[in-house]
Structures are given as C-alpha cells and as structure tokens.
Amino acid sequence: MLLIDDYQNIEAPCINGFFEQLAESEPELLHVVLVTRSAKFARLHELTLKGILLHIPRQTLELAPKEITAYYRLCGVAINERDASRLRADTEGWISALYLIMLEYILKGEYASTEGINTLIERAVFIPLPAHIRDFLVQMSMFDA
C-alpha cells in the first residue's frame, strides 16, 4: 500500500496522469491511497464508474453538528446545539480539529476560536507540556516551526 497524504500540495500535473495510468493498469498487489482536500483528476468519474478507483468525497468524512454532539458526549463533554454548529463551522467537521478543540476545552473549560490546525496543536498539545519537554522537542525537530 502506498499512502500519500496532502496530495493537493503536489504541483506537478503529470503526476495525476501517472496515477490515472497506474490505476488503470490495476496492479494486483498494490493499493494507492491519495489523501487530498480536492480531487483534481480529469478522469475521476470515468475511473470510478469502471470500478478502478474508489473516491470518498470529503463530505463523507466531515461530522455534522448532531454527530459532533454525539462524539463529544462519548468523550464525556456535553455541548449544546449552538456550540456544535459553531464547531462545525470552525472545523468543517474534521475530527482531528474537533479533538484538539475538545482537549483545550477540557483543560480550560471554554471554547477558544480556531485559528488553524497548527495553532490548535500548539495550544492543545504543545503549550501544556512542561518547559523542558517543549525545549527538547524543539531541539529534536527538523522543522522550522
């Protein structure tokens, strides 16, 4: 299995053609999973109709307000309909962002506005760590931020 996440960041149009041809050749022992925010394949519908490609639209993975309420309830956090709608609007229903917001809510007792996934990770995961752990992680990181 070959998994490529954030496929939308690949800016070489010829790669799309490569994956379309690869899918059409139907290699027996290879499964390719492309995770992307937007499907940009010219032959997406054709390959789907032929049963060569399985396209899962983003709406399938987004939680609706009622599902957000149920998810939070399962995690022991009660929210009202208004908060669930706001969370849906802020996160587009993506469970990772919902989880990070929930972590912060559990720590602080209030919902903070979302400013992007990186800010959520920083506030909910990184900042609560002890200073020596944060310093260690920054020193070990190969990333600029």
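Structure notes:
- Among the GluC sites (Glu not before Pro) within the stretch 1-33, those in coil by DSSP and having at most 16 neighbouring Cβ atoms inside 10 Å are Glu11, Glu28.
- Residue of Ile79, Ile133, Ile117 that the Gaussian network model of the chain assigns the largest fluctuation, springs spanning Cα pairs under 10 Å: Ile133
- Net charge of the neighbourhood of His45, taken over other residues with C-beta under 15 Å away and scored Lys/Arg +1, Asp/Glu -1, is 0.
- Backbone amide hydrogens, once placed in the peptide plane, bring Val32 within less than 5 Å of Leu2, excluding anything fewer than 5 places away on its chain.
- 222 nm mean residue ellipticity, helices alone, for the chain (DSSP H n ≥ 4; -39,500 (n - 2.57); rounded to 500): -14500 deg cm²/dmol
- Taking a Cβ cut-off of under 14 Å around Ala23, the surrounding Lys, Arg, Asp and Glu residues balance to a net charge of -3, with basic ones at +1 and acidic ones at -1.
- Counted by Cβ distance under 13 Å from Pro65, the other residues give a net charge of -1, where Lys and Arg count +1 and Asp and Glu count -1.
- Between Val125 and Asn9, the distance separating the two model label sites (each 7 Å from Cα on the Cα→Cβ line) works out to 1.4 nm.
- Relative contact order, percent, the stretch 1-90 [alpha-carbon distance under 8 Å, six or more residues apart]: 26
- Axis of helix 131-140 versus longest Cα principal axis of the chain: the two differ by about 20°, to the nearest ten degrees.
- The separation of the stretch 105-145 from the stretch 1-46, counted between C-alpha centres, amounts to 33 Å.
- Rolling a 1.4 Å probe over the protein chains gives Thr69 an accessible area of about 30 Å².
- To the nearest ten degrees, helix 95-108 and the longest principal axis of the Cα atoms of the chain are 10 degrees apart.
- On Cα atoms only, tilt of 13-25 relative to the major axis of the chain in degrees: 70
- From phi via Karplus (6.51, -1.76, 1.60), per-residue ³J(HN,Hα) for the stretch 75-91 in Hz, x at Gly/Pro: 8, x, 10, 8, 10, 8, 4, 5, 5, 5, 5, 5, 4, 4, 5, 5, 10
The values are calculated or read from the model by the stated rules, or taken from the named source; none is laboratory data. Quick caveat, the model's predicted, so the values are computed rather than measured. A quick note on method: Cβ atoms are made from the backbone with ideal geometry, for glycine too, and the neighbour counts reach across all protein chains shown. Please note that ligands, DNA and RNA were not included when accessible areas were found on the heavy atoms of the full protein model with its side chains. Shrake-Rupley method; radii C 1.70, N 1.55, O 1.52, S 1.80 Å.
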